[in-house]
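A short write-up of the structure that comes next.
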Amino acid sequence: MRVLMRMGMSPFDNLDLYSVISRNAIGTNAGNMLFPYAIIKNIYEDDIEIDAYKSANEKDADKINETYDMFLIPLTNAFREDFVEELRNLTKLVQKLKIPCVVIGVGLQAAYEPDFTISNSFDEDVLQFCNAVLEKSRSIGVRGEITQEYLVRLGIKRRKIDVIGCPSMYTFGDFLPLKKPLNLSSATRISFSYNQSRNEAFYDFFERIKKKYPDYCYILQSLNEMKLLYAGDTVPGIDKYNKYYIGTADSRSFLEGRMRMFINVPSWIDFLTKMDLGVGCCIHGSIASVLAGNPTIVFAFDSRVRELAEYHNIPFRRVEDIKDDTELLDIYESIDFAQVLKGHVERYDNFKRFLKKNGISCADVSGYGKVSEFDRRMSTIILNCPEGVVPYRNLPAEEQDIQLKNYLKMCDGKINWCHKEKATGNNQKRIDNILVQWENSKKCCENNINKLR
């Protein structure tokens, strides 16, 4: 059986760091590695071949129909305004496919308390997409009850919507590891997951945590942050973000090496097993912490984080509840971290029923450390960047030089591509924006090379 899956890269591809950055193989966010990894692990057998498919194009329909038996479409918060173009492309493609097309986990991006009485600019596009998919599958798998209610209000029948949560939570099947919570102290190792666009009040809380618990590490997720680590490239638009956001190579956390990022899931989870506590507002960064067995607290800004935390019983607090005098210890002591285990077996069984309903066989992966067919294949791969991506200034001078020169070469390649695209006369405004960004990146890289000399 040959399966095509929407994802930037397969776990079996094992791309090197340069290729991940140049191809944007994480789809702008490392969290996008987690759920395809878990889906593949849950369905992989010797007789299944699974290929990655990044951007939908209806021109590919004939080839896909000839080559594949199924198209799997894992999505995150895809029901949002800035994803409309890709959603339309997916709709056109699905409409032309003759094979089963299954959406495994999709969510609405909305306010923490969504107002379903107000229409969204993307509602009609979402409805057309869901109708196209439901002609090729028995149901749509959504991340939580908020998304389910949204689709029902658009006119999708409730019986056609299955709430399955995020597949990444089923990486170990019906099992979740959980360490016993420790007493917080200055020696407590804390991993932070965060997003550059969030408010200053929340990150002032982070700063207070860092002062009391100095053994911390930022686990970054965005592609721009990976470029920052790799070559010291300043994150674009940094002036728009809060004053605590670490977007330049001269920050203390960067210089001290308290920042890390990963290009494969096993390395990410393995690193987090060495931490004691996960704190953050990125839902997939928090799920990675849960999968490492760490007591984890996620702070919800919006519906996309809230509904997954609620569905999977991940301990969470609302960001608006953070005050100037809020202490991590008070929150920590008020939480029963074992709540994440409650109902997990039932949720996994529900996930398997969804797969079966849509003609997808489920492999036996239950149990931490259980060796499945997926695990056997992964064990034959020597993973790239197993310790994660570290700030380039923490590398030996020779390695710094190599990375900076590679990045300069990447910048030149991207700039040349932009000029060729501009010559076609298509998407001029978009290409101009990309060109300016890569020209700025080149200048930044050249400055860093000069500093190294």
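Number of residues in segment 65-91 that are more than 21 Å from E124 (Cβ to Cβ) and either among the charged types (D, E, K, R) or surrounded by fewer than 20 Cβ atoms within 10 Å (Cβ to Cβ) (or both): the value is 4.
For the structure I just gave you, tell me whether S191 is in a strand (DSSP E or B) and at negative phi. In short, yes.
Just to check your reading of the model, which residue among S253, S222, S267, S289 is crowded, with 20+ Cβ neighbours inside 10 Å and on the phi < 0 side of the Ramachandran plot? First the steps, then the outcome.
Details: S253 fails: crowded, with 20+ Cβ neighbours inside 10 Å; S222 fails: crowded, with 20+ Cβ neighbours inside 10 Å; S267 fails: crowded, with 20+ Cβ neighbours inside 10 Å.
Among S253, S222, S267, S289, only S289 is crowded, with 20+ Cβ neighbours inside 10 Å and on the phi < 0 side of the Ramachandran plot.
Of the residues S168, S137, which is outside any helix (DSSP H, G or I), touching a residue at least 60 places away in the same chain (Cβ under 8 Å) and either on the phi > 0 side of the Ramachandran plot or surrounded by 22 or more Cβ atoms within 10 Å (Cβ to Cβ) (or both)? That would be S137, the only listed residue that is outside any helix (DSSP H, G or I), touching a residue at least 60 places away in the same chain (Cβ under 8 Å) and either on the phi > 0 side of the Ramachandran plot or surrounded by 22 or more Cβ atoms within 10 Å (Cβ to Cβ) (or both).
The set of residues from segment 199-214 being open to solvent by 20 Å² or more (accessible area, probe 1.4 Å) and in a helix (DSSP H, G or I) comprises E200, A201, D204, E207, R208, K210, K211, K212. Checking each residue of segment 318-331 against the condition of being farther than 23 Å from K211 by Cβ and either modelled with pLDDT of 95 or more or open to solvent by less than 20 Å² (accessible area, probe 1.4 Å) (or both) gives no match.
Checking the conditions here, which among L17, L34, L4 is in contact with a strand residue (DSSP E or B) (Cβ under 9 Å, 6 or more places away or on another chain), modelled with pLDDT of 95 or more and under 29 Å from Q148 (Cβ atoms)? Criteria check complete, one pass: L4. Checked across segment 396-411, the condition of being open to solvent by 90 Å² or more (accessible area, probe 1.4 Å), assigned to a loop (DSSP other than H, G, I, E, B) and modelled with pLDDT of 95 or more holds for no residue. Determine, yes or no, whether I382 is under 26 Å from the mean Cα position of the chain (by Cα), aliphatic (A, V, I, L, M) and exposed (fewer than 14 other Cβ atoms within 10 Å of the Cβ). When the stated conditions are applied, I382 passes them.
The values are calculated or read from the model by the stated rules, or taken from the named source; none is laboratory data. Predicted model, so just to flag it, every value in this text is computed and none were measured. Don't worry about glycine lacking a Cβ; one is built from the backbone with ideal geometry, like all the others, and counts go over all protein chains shown. When the accessible area is computed, the model is the full protein with side chains, heavy atoms only, and any ligands, DNA or RNA have been set aside. Shrake-Rupley method; radii C 1.70, N 1.55, O 1.52, S 1.80 Å.
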